[in-house]
Amino acid sequence: MADPKAVAHRISENVERVIVGKSKEVELALVAMLSQGHVLIEDVPGVGKTMLAKSLSRSIGCTFRRVQFTPDLLPSDVTGVSIYNQKTGEFEFRHGPIMAQIVLADEINRATPKTQSSLLEAMEERQMTVDGRTYQLPNPFLVLATQNPIEYEGTYPLPEAQLDRFIMRISLGYPNKTDEIAIIDGQQKVHPIESLRQVASPEEMVSLQESVKGIFVDPLMKEYIVDIVDATRKHSGVYLGASPRGSLALFHTSQARAMMQGRDFVLPDDIKTLAPNVLAHRIIISPSSRMRDVSGISVVKEILDTVPVPGVRVSRR
């Protein structure tokens, strides 16, 4: 296989033809996919959340399905349903959009908790069970969910168990003036997504995901990760800290970022860069702290400033 860094750079560069001026956010989404995780994009409408999912799909040649989450959406609309065939006298399963390689769960917080929970098994175990039968999901598999953090009417906040399934939460934000002018110029005649070409294959992505697992993580880096996560559980402004799944998420995403940087080992900088996006949404702020506008992001940044960075130690493998 080609150099992993070169392949990852090729994919991110291609996506940035559509998502202008958001190199960091595109890198985070790609890190999540390389880590075999899922992404929650929390932002206002019109900043390119859907286009990010479509661009990733086209760049890698993955199958793509979009599910518009609404209050009347049923779990079977996501997973699929068994239909009785009168000719054969048997039930036939017709799979839902969850069987795609990249699934966009648009405005996920508009669906009821029952429908939201239909994604839990798929996101964690990469399989779904319908009518007592288990179906394996395709590989690679990525759920990219979006939600509007401003509009609360007619929405159902994601429960902690659902939030914990997302390896990271990102926000695209508004573009700066120069980038917004470039967006206008780029879409004057046709949307750039229409001419976006495939630059990698699903098989290459699976191979990259396997390569990530081989990135070396020094025991000191593992201790650093655990110290950061443990600090979220002891922070005075936190009601409930990050779980061990948070430690694993920070571990795997740090490996992916190291590979994208062209290294075969993890540095403290990888951990510090990713910690806010990986841990903030897993933290439940206490009511008294919430009244003081304390957020998960501010807590994680405070922890990163206080937890000592381990010294450099050369390890031989």
- [ ] Name the residue, out of VAL309, VAL294, VAL278, that is assigned to a loop (DSSP other than H, G, I, E, B) and buried (at least 17 other Cβ atoms within 10 Å of the Cβ).
- [x] VAL294
- [ ] Identify all residues within the stretch 73-104 that are surrounded by 18 or more Cβ atoms within 10 Å (Cβ to Cβ) and charged (D, E, K, R); write none if there are none.
- [x] ASP77
Open item on the list: Residues that are over 30 Å from GLY132 (Cβ atoms) and modelled with pLDDT of 90 or more: does the stretch 62-72 have at least one?
Closed with: no
Open item on the list: Being over 20 Å from ASN277 (Cβ atoms) and assigned to a loop (DSSP other than H, G, I, E, B) is the filter here; which residues of the stretch 46-64 pass it?
Closed with: GLY46, GLY61, CYS62, THR63
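Results for (1) out of contact with any strand residue (DSSP E or B) (no Cβ under 8 Å at 6 or more places or on another chain); (2) among the charged types (D, E, K, R); (3) not assigned by TED's automatic domain parsing to the domain that holds GLU42, shown as yes or no for each residue.
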| residue | (1), (2), (3) |
| --- | --- |
| ASP72 | yes, yes, no |
| PRO75 | yes, no, no |
| PHE91 | no, no, no |
| MET99 | no, no, no |
| LEU104 | no, no, no |
| THR115 | yes, no, no |
| LEU119 | no, no, no |
| TYR135 | no, no, no |
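Here is a check on your reading of the model: is ILE271 within 22 Å of the chain's Cα centre (by Cα), aliphatic (A, V, I, L, M) and modelled with pLDDT under 95?
In short, no.
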Open item on the list: If I go through the stretch 36-59 residue by residue, how many of them are among the hydroxyl-bearing types (Ser, Thr, Tyr), surrounded by fewer than 22 Cβ atoms within 10 Å (Cβ to Cβ) and over 14 Å from the mean Cα position of the chain (by Cα)?
Closed with: 0
- [ ] Pairs only if they're at least six apart or on different chains, beta carbon under 9 angstrom, first in the stretch 155-172 and assigned by TED's automatic domain parsing to the domain that holds PHE141 and small (Gly, Ala, Ser), second surrounded by fewer than 23 Cβ atoms within 10 Å (Cβ to Cβ) and in a strand (DSSP E or B); list them, first residue then second.
- [x] SER171/GLU42
Task: Options ILE228, ILE183: the member that is of a type outside the set (Phe, Trp, Tyr) and assigned by TED's automatic domain parsing to the domain that holds THR63 - done: ILE183
Open item on the list: Test of understanding: among ILE150, ILE108, which residue is under 18 Å from PHE64 (Cα atoms) and of a type in the set (A, V, I, L, M, F, W, C)?
Closed with: ILE108
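Residues are listed down the side, and each one gets a yes or a no for (1) under 30 Å from ALA200 (Cα atoms); (2) of a type in the set (Gly, Ala, Ser):
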position	(1), (2)
SER35	yes, yes
SER76	no, yes
THR79	yes, no
THR88	no, no
Task: Pick from the stretch 156-173, criterion farther than 20 Å from ARG126 by Cα and touching an Asp or Glu at 6+ places or on another chain (Cβ under 8 Å), ranking: modelled with the highest pLDDT - done: ILE170
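Listed here are the residues, each with its yes/no results for (1) out of contact with any Asp or Glu (no Cβ under 8 Å at 6 or more places or on another chain); (2) closer than 26 Å to SER211 by Cα; (3) assigned to a loop (DSSP other than H, G, I, E, B).
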position	(1), (2), (3)
GLU13	yes, yes, no
VAL18	yes, no, yes
GLY21	no, no, yes
GLU27	yes, yes, no
MET33	yes, yes, no
VAL44	yes, no, yes
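The values are calculated or read from the model by the stated rules, or taken from the named source; none is laboratory data. Predicted model, so just to flag it, every value in this text is computed and none were measured. Here the Cβ is made from the backbone with ideal geometry for all residues, glycine too, and neighbour counts use every protein chain on show.
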